[in-house]
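See structure below.
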Amino acid sequence: MAKSGPPLVWPRLTDWPGHTVPIVYLDLNHWIYLAQASAGLSSGSRFLSSLEACRSACRSGAARFVLSGSHYMEMLKIRDPAQRRTIADVMEELTDFAVLVSRVVITELELEATLNRFVVAVPPLPSVALVGRGVRHAFGINSEHAAPSTGHQGTDT
């Protein structure tokens with residue numbers, strides 16, 4: 001008879017784990033394959049059905065595609081601007097720049113949630129959205145308290 005593990009302790013996030021739409025995280029190599037398919041390259045022809053499935057899931061709301069800070073950092077390593085643009089176009093189409101919050105923020109919240117089982121931290125860390133929008137959210141920077149923008153209100157891509 002197998003013993004079950006301890007109960008899961010979820011950090012306080014504003015939209016998880018109660019979110020009902022699956023979150024889809026693709027590694028950069030998969031974004032590259034989808035971009036090749038989108039650009040009509042022969043190297044991407046075998047990924048065309050995957051691209052169409054992703055587009056369909058995105059349009060129907062059956063899945064929510066997200067990026068992370070790692071994607072932004074990995075994209076900087078791609079030297080060819082045309083290749084970066086092609087990948088970014090597919091990323092934008094499927095995610096609208098939805099990103100997972102920084103791993104550092106998640107780790108802090110997970111640690112707080114675990115410790116709160118024994119003693120409540122005073123003051124507790126604030127709730128944050130697991131999925132937000134733009135590069136600032138990907139690196140744990142709260143855009144609401146950021147310096148005034150240069151005219152692109154509501155976005156920080």
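None of the figures in this text is laboratory data; all of them are computed from the coordinates on show. Just so you know, these numbers come straight off a predicted model, no measurement behind them. Glycine also receives a Cβ, built like all others from the backbone with ideal geometry; neighbour counts cover every protein chain displayed.
Between rounded, prolate and oblate, where does segment 23-100 land on the alpha carbon gyration tensor, with a ≥ b ≥ c its root eigenvalues, rounded for a/c under 1.5, else prolate if a/b exceeds b/c? Oblate is the answer for segment 23-100, as a/c is 1.5 or above yet b/c matches or exceeds a/b.
Taking amide H as placed 1.01 Å from N in the peptide plane, the amide H of residue 65 sits under 5 Å from that of 24, each at least 5 places away or on another chain.
Here the label points at residue 92 and residue 76, each 7 Å from Cα along the C-beta direction, are separated by 2.1 nm in the simple model.
Taking other C-beta atoms within 10 angstrom as a stand-in for reagent exposure, 59, 84, 136 fall in the order 59, 84, 136, fewest first. Counted by neighbouring Cβ atoms within 10 Å, the residues 56, 4 run from fewest to most as 4, 56. Label-to-label distance for residue 119 and residue 24 is 4.6 nm, based on points extended 7 Å past Cα in the beta-carbon direction.
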